[in-house]
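> Can you keep this structure in mind? I'll have questions shortly.
Derivation of every value follows stated rules applied to the coordinates shown; laboratory data play no part. Predicted, not measured: the structure shown is a model, and the values here were computed from it. So basically every Cβ, Gly included, is an ideal-geometry build from the backbone, and we count neighbours across all protein chains shown.
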Amino acid sequence: MDHPDLAAVELPVVLFALSDPTRLALVRELATEGPRTVEECRESEPGVPKSTFSHHLRTLREAGVVRNEPAGRHRVVTLRRDELDARFPGLLDAVVHD
């Protein structure tokens, strides 16, 4: 999967990715719990159809908010906190904490 270089990602793209309640909840979970498999992430949002959840993950990945990488038979979703903090200082702290 392609992961964008955050130097090329504009703030409105990141803000759009974070504007959806499901995606924001996932980012908050990753910020507090650390990397999770896709299956673990889906368990935290049981009412969201699999195809919709995949769309949310793709939106976050394409915006540079998360990495989605293979790990054996699973895929692990990781928040790109250090890179996001360097590119947009304070943004994640503002959205992760209510």
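> Skipping prolines and chain starts, which residues have an amide H placed within reach, meaning under 5 Å, of the one on R36, given they are 5 or more residues away or on another chain?
V77
> If you take Rg and Dmax of the Cα atoms in Å from the coordinates, which of (1) 14.1, 45; (2) 14.9, 45; (3) 12.5, 35 do you get?
Among (1) 14.1, 45; (2) 14.9, 45; (3) 12.5, 35, the one derived from this structure is (3).
> Expressed in nm to one decimal, what extension gain is obtained for the pair D2 and E62 from 0.36 nm per residue of sequence separation less their Cα-Cα distance?
Fully extending the segment from D2 to E62 adds 20.8 nm.
> A further question follows. Can you give me the angle between helix 21-33 and the longest principal axis of the chain, using Cα atoms only, in degrees from 0 to 90, rounded to the nearest 10?
90
> Something else: Using θ = phi - 60° and the Karplus curve 6.51 cos²θ - 1.76 cosθ + 1.60, what whole-Hz ³J(HN,Hα) does each residue of segment 70-79 get, with Gly and Pro shown as x?
With the stated coefficients, segment 70-79 comes to x, 8, x, 8, 10, 10, 10, 9, 10, 6 Hz.
> Shifting gears a bit: What residue among A86, A63, A31 shows peak mean-square fluctuation when the chain is described by a Gaussian network model with Cα springs under 10 Å?
Looking only at A86, A63, A31, the largest GNM fluctuation is found for A86.
> Further question on the same structure: Full-extension gain between V13 and T52, please, as 0.36 nm times their residue separation minus the C-alpha to C-alpha distance.
12.2 nm
> Please give the Cα centre distance for segment 55-77 versus segment 14-48, rounded to the nearest Å.
11
> I need to check one value: relative contact order of the chain, counting alpha carbon pairs closer than 8 Å and at least 6 residues apart, in percent.
Taking the mean separation of contacting Cα pairs over the length of the chain, I get 37 percent.
> Another question, then. DSSP loop (so not H, G, I, E, B), at most 13 other Cβ within 10 Å: list which GluC sites (Glu not before Pro) in segment 1-78 pass both filters. Could the numbers behind the result be given before it?
Values: sites: E10, E29, E33, E39, E40, E43, E62; in loops: E10.
Loop-located and lightly packed - E10.
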